[in-house]
Amino acid sequence: MSMLTRTRGATADDLAPARSRGARESIFSRGAALLVMGVFTLYFLVPIWWLFIASTKDRGDLLTTPALWFAEWNFFTNVGDLISYGDGIYFRWLLNSIGYAVVGALLATVFAGMCGYALAKYRFPGRELFFNVVLGGVLVPATALALPLFLLFSQVNLTNTYWAVLLPSIVSPFGVYLSRIYAASSVPDELIEAGRIDGAGEVRTFFTVSVRLMTPALVTVFLFQFVSIWNNFFLPLIMLRSAELFPITYGLYSWNTQLNQIPELRTYVLTGSFLSIVPLIVAFLLLQRFWRNGLGSGSVK
Amino acid sequence: MQHNKRAVATGVALLSAIALAGCSAGGTTDSGTDAAACAPSEGDVTLEFTSWIPGIEDVVDMWNEENPDIQVAVQTGPNGNSGTYKSFFSQLEAGNAPDLGQIEYDALSSFRVQDGLENLAACEDVVAAEADFIPWTWGQVTLGTSDGVFGIPQDSGPMALFYRSDLFEQNGIEVPTTWEEFKEAAVKVREAGGYITNFSTGDINQFAGFVWQANGDWFTNDGDAWTVDLTAGPSTQVADYWQELLDEDLVSTYPAWTEEWNNAYNSGAVWGWNSAVWGANSISSGAPDTAGKWSVAPAPQWEAGGQSSGNWGGSSIAVFKGTDHLYEATKFALWLNTSEEALTALNTSANIYPATTEGLSLPSLQEGVEFYGGQKIYDVFAEAAEQVNPDFVWGPTMTQTYADVSDGFQKAVTGQGTLLEALEKAQASTISTLEAQGIPVAE
């Protein structure tokens, strides 16, 4: 919900009039706002900076040199070691994570979009009840479901497989909620009517017309789901036993718990963690464009 | 079925202590296998084995090459308490646990009261292997029973004193041999600007090791019920001793293995550590700048000339309830923990310190260690390993006990309460946790 209000707020907060009135705004309040923003930006960026710096150092320098500045540049050596350790299992984990997150988030977005759209645009008995149940689902933490899911998956012999992580990931109650709210306000009934008059089926109308109008919401759902699958930890912990199925978070975590025994792992965990956030940043940057475009086209209409 | 099994599990938890014929109690589970029979299976067998030891795959490969008819598939995960135990328990609940699993000594009892383990005493080879192991490690897997064996010991963590020989020498401080001398040395080290050791408030195993050395016994199981005594004489003695050191600011309390902790050792702020054999590796990896300046001495004693050592850590390989291949599983577990080739490989890949008497004389453990100024440090630990009290038993709800003691210790460090009060509280909550789980407690 916060995402929705924030994105809508951004469109309303049209830049041009703000600028023309700028002279009247006190320099002080603007400065204060900038200061607060600056502090928070630093607050969020410093850990990433630290991680980056740490991943360029060798094990000795890590402890003995200043934490926020470079020592000897060992980044590529570290990456090389990381990739070769354990027969390149790290790379496998990275691919697994990308697989789980992309496939899971795509399917989750499609299902959530369809479900939310149906809830917004069709009237049927039990609609509100159904919606409320979904809303209730938003409140249930994923960790609470992991154990029951494990027992279920054991019954059908699907634990310790790709499916064990993928199937639960394609459900996104929050996505359904967001899609419904967004579809209700951004897809005009008239357009659907027009589609019907032109002879398009409901499915076709949805995929050719409605999806486009809902893009900003769908991209948001995708991003949210992508990030939550990428960071999902407890589910793989419960479900997976074979190292070749691990996603990156779980793999790095299991290395991290073995530092006592294998000290070299410290640099691998650090370098590995740094590399593992790169795909997230890429996903954000790429999708942000869609997101903005979608918002822009919405505001013109 | 699941409910039924749960009820059975609780029932067996109550009974298992009494049922010294152990194996027969397991016959009620749904696996249908006769656990008492430790006979070879027909045909080729593939065993599932879960362990978090780095490099274990390579060791298992050695076995697989030599034993085409008993193949072992390794599965892995994080350190036991960091997640793998949780998944063992869920797998047991779902009835699809692996055949074998790595379990640390202090967690074995929890698995046993949940009826998660096969009694390996059914296998002749296992019973015969007792003689190969350091006596106290065998005590850890029999769990205080007279004819139950619930795992094959893998490694051990005999404790000694790591210290900065260079700084001790420069400041004319003698290496303490008793706890009294240790305190005197601590005062001198403090005057010279350092701390003699780091006291762990997060990992209660260090403190338990001290109690173990003092002949304390936190848990006893007489076959009917558990007796909990976290505050018996030796425990109080140890708690009071460390309380004094804390009150006088003679020891540091960094959380172990954090950057802070590494820094304290690397920069020479802390001059020693009462730790286990694997601690050698923690120091050398955490404090690389101090290479060559460390030595190892036997643990300080309560009585001059005493010969007693504590233990910190160590694990076993257990066979989970429901396996169809008890015989093959124990065969593999025995090979893994007694054969010289496996022990050497485990030692080089993951610094595993063996639990067999023979293992203490592995060639890889006979060499001088450069980081410790060329000292043959493993000689000290081999001696310590023989001096550990064989009767120390862990309780079945250690996670909770550790958490409570740790909470109390952390408060004690900041001046709220004492170590002894922490133990008293943990004592009460441990008893109520046991009772809440339907585990009988003796008064």
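The values are calculated or read from the model by the stated rules, or taken from the named source; none is laboratory data. Because the structure is a prediction, the values reported are computed rather than measured. Positions of Cβ are backbone-derived with ideal geometry, glycine not excepted, and every protein chain shown enters the neighbour counts. In case anyone asks, the SASA skips ligands and DNA or RNA and just uses the protein heavy atoms, side chains included. Shrake-Rupley method; radii C 1.70, N 1.55, O 1.52, S 1.80 Å.
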* Asked: Residues of A:248-258, mean number of Cβ from any other protein chain within 10 Å of their own Cβ, rounded to a whole number?
  -> 4
* Cα-based equivalent ellipsoid of the stretch B:141-209: semi-axis lengths in Å, sorted from largest, via gyration tensor -> 36, 12, 11
* When the accessible area of each residue in the stretch A:39-82 is compared between its chain alone and the complete protein assembly (1.4 Å probe; ligands, DNA and RNA ignored), which residues differ by at least 40 Å², being lower in the assembly? -> A:63, A:64
* May I ask you to give the percent of accessible area on the stretch B:245-311 that is carbon plus sulfur, with a probe radius of 1.4 Å? => 48
* Among the residues of the stretch B:251-266, which ones have their accessible area go down by 20 Å² or more when all the protein chains sit together, as opposed to their chain alone (1.4 Å probe)? -> B:257, B:259, B:262, B:263, B:266
* Asked: Ranked from the most accessible area to the least, with a 1.4 Å probe and all protein chains present, what is the order of B:227, B:290, B:76?
  -> B:227, B:76, B:290
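Compute the normalised compactness of chain A: alpha-carbon radius of gyration over 2.2 N^0.38 Å, N being the residue count. Don't skip to the answer; put the middle values down first.
Numbers: Rg = 23.4 Å, N = 301, 2.2 N^0.38 = 19.2 Å.
Against the compact-globule rule of thumb, the ratio is 1.21.
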* Asked: For the stretch B:113-245, what is the accessible area per residue in Å² when the probe is 1.4 Å?
  -> 33
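What is the dipole size for the stretch B:321-429, taken about its Cα centre, with +1 at each Lys and Arg Cβ and -1 at each Asp and Glu Cβ, in debye to the nearest 20?
Details: 5 positive and 15 negative charges, 68 e Å.
For this selection, approximately 320 debye.
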* To do: Quick one: work out Rg over Rh on the C-alpha atoms of the stretch B:129-245, Rh as Kirkwood radius.
  => 1.07
* Structure fact -> Residues whose modelled amide H sits under 5 Å from the amide H of residue B:352, counting only those 5 or more places away in sequence or on another chain, are B:347
* Please compute how much accessible surface disappears when A pairs with B, both sides summed, using a 1.4 Å probe, and round it to the nearest 100 Å². => 2600
* **aspartates and glutamates with Cα under 15 Å of residue B:321, excluding same-chain neighbours fewer than 8 positions away** => B:30, B:34, B:48, B:93, B:99, B:115, B:118
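Nothing charged except the Cβ atoms of Lys and Arg (+1) and of Asp and Glu (-1): what's the magnitude of the dipole of the stretch B:143-236 about its Cα centre? Round to the nearest 20 debye.
340
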* Nearest 20 debye, what's the magnitude of the dipole of the stretch B:271-360 about its Cα centre given +1 on Lys and Arg Cβ and -1 on Asp and Glu Cβ? -> 180
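Express in % the proportion of alpha carbon pairs of the stretch B:263-385 at distances exceeding 20 Å. List each step's numbers first, then the result.
Values: 4006 of 7503 pairs.
Cα-Cα pairs in the stretch B:263-385 separated by more than 20 Å: 53 percent.
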* Structure fact -> Sorted list, accessible surface of protein heavy atoms, 1.4 Å probe, largest first, for B:123, B:38 is B:38, B:123
* Asked: How far apart, in nm, are the 7 Å Cα→Cβ label points at residue B:443 and residue A:231?
  -> 5.1
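Dividing the convex hull volume of the alpha carbon atoms of chain B by its residue count, what do you get in Å³ per residue?
In chain B, the Cα convex hull volume per residue is 129 Å³.
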* Asked: Taking amide hydrogens as modeled 1.01 Å from N in the peptide plane, which residues meet the under 5 Å criterion relative to residue B:254, leaving out close sequence neighbours?
  -> B:199
* To do: Just need the Rg to Rh number for the stretch B:53-113, please, alpha carbons only, Kirkwood Rh.
  => 1.01
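Can you tell me the FRET efficiency between residue B:46 and residue A:33 if r is taken as the Cβ-Cβ distance and R0 is 60 Å, rounded to the nearest 0.05? Before the final figure, lay out each step's value.
Values: r = 64 Å, r/R0 = 1.07.
My answer for the efficiency is 0.40.
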* Asked: In the protein assembly as shown, if every C-alpha pair distance is counted and binned at 20 Å from zero, what percent goes to each bin?
  -> 15, 41, 31, 12, 1
* Which whole number gives the average, over all residues in A:237-244, of C-beta atoms from other chains lying within 10 Å of the residue C-beta? -> 5
* Asked: Angle between the Cα long axis of helix B:2-16 and the longest principal axis of chain B, 0 to 90 degrees, nearest 10?
  -> 60
* Structure fact -> Cα convex hull volume per residue for the stretch B:309-443, in Å³, equals 179
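Averaging the inverse of every distinct alpha carbon separation and then flipping it gives the Kirkwood radius. What is it for the stretch B:220-330, in angstrom units?
Values: mean 1/r = 0.0552 Å⁻¹.
Over the stretch B:220-330, the inverse of the mean reciprocal pair distance is 18.1 Å.
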* Asked: What nm distance separates the two modelled labels at residue B:410 and residue B:58, each placed 7 Å from Cα along Cα→Cβ?
  -> 3.7
* Per residue, how much accessible area does the stretch B:285-391 have with a 1.4 Å probe, in Å²? -> 36
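Roughly to the nearest percent, how much of the accessible area of the stretch B:333-395 is carbon and sulfur, given a 1.4 Å probe?
Values: 1130 of 2400 Å².
C and S atoms contribute 47 percent here.
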* Kindly tabulate the residues in the stretch B:272-307 with an accessible-area decrease of at least 50 Å² between the chain alone and the assembly of all protein chains, using a probe of 1.4 Å. => B:285
* Averaged over every viewing direction, what's the projected area of the C-alpha convex hull for the stretch B:359-431? Give it in nm², one decimal, please. => 7.9
* Structure fact -> With a Förster distance of 22 angstrom and the Cβ-Cβ distance between residue A:204 and residue A:184, calculated FRET efficiency to the nearest 0.05 equals 0.60
* Structure fact -> Among A:36, A:90, B:218, the residue whose Cα sits farthest towards the positive end of the charge dipole of the protein assembly as shown, when +1 is placed on the Cβ of each Lys and Arg and -1 on the Cβ of each Asp and Glu, is A:36
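Give me the accessible area per residue for chain A, probe 1.4 Å, as a whole number in Å².
Here the residues of chain A average 55 Å² of exposed surface.
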* Carbon-plus-sulfur fraction of the accessible area of chain A, 1.4 Å probe, in percent? -> 69
* Asked: Cross-link list B:188/B:293; B:293/B:411; B:188/B:425: which exceed 22 angstrom alpha carbon to alpha carbon?
  -> B:293/B:411; B:188/B:425
* Structure fact -> Between the residues A:137, A:47, B:126, the Cα farthest towards the positive end of the dipole of the protein assembly as shown, that dipole coming from +1 and -1 charges on the beta-carbon of Lys, Arg, Asp and Glu, is from A:137
* Estimated vicinal HN-Hα couplings, Hz - the stretch B:419-436 in sequence order (Karplus 6.51, -1.76, 1.60; Gly, Pro = x) -> 4, 5, 4, 4, 5, 4, 5, 4, 4, 5, 6, 5, 4, 5, 5, 4, 5, 5
